[in-house]
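Q: Next up is a structure, given as structure tokens.
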Amino acid sequence: MSIIGTIIIGFIAGIIAKFLMPGRNEPSGFVLTTILGIVGAFVATWLGQALGWYGPGEGAGFIGAVVGAIIVLAVWGMISKNRAA
């Protein structure tokens with residue numbers, strides 16, 4: 001998949017993750033949402049390969065990217081909550 005395709009899928013995955021897990025400490029804006037989704041896709045791919053769900057060179061699908069983005073969003077919320085306190 002091209003870089004533009006990855007950015008588009010990452011952006012959509014980030015939006016869905018923010019919709020499924022709303023909160024005060026979430027990142028906002030196009031760039032942060034896109035980064036959240038892309039990082040989520042990488043997290044899902046790494047975790048899936050570590051658990052044996054995906055083979056080498058195989059990437060996570062769209063649902064995996066959303067789940068990874070939710071994980072990244074939860075970690076973001078914990079870090080920003082600790083910084084604010």
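Q: May I ask you to evaluate 6.51 cos²θ - 1.76 cosθ + 1.60, the Karplus curve with θ = phi - 60°, for each residue of the range 62-68 and list the ³J(HN,Hα) values in order in whole Hz, giving x for glycine and proline?
A: Values per residue, Gly and Pro as x: 5, 5, x, 5, 5, 4, x Hz.
Q: Which order do the peptides 39-46, 59-66 come out in when sorted by mean C-beta neighbours inside 10 angstrom, highest first?
A: Details: 39-46: 21.2, 59-66: 18.6.
Packing order, densest peptide first, comes out as 39-46, 59-66.
Just so you know, all these numbers are worked out from the coordinates, no wet-lab data involved. Only a predicted model underlies this, so the values are computations on that prediction, with no experimental measurement involved. Using ideal geometry, Cβ is built from the backbone for each residue, glycine included, and neighbour counts are taken over all protein chains shown.
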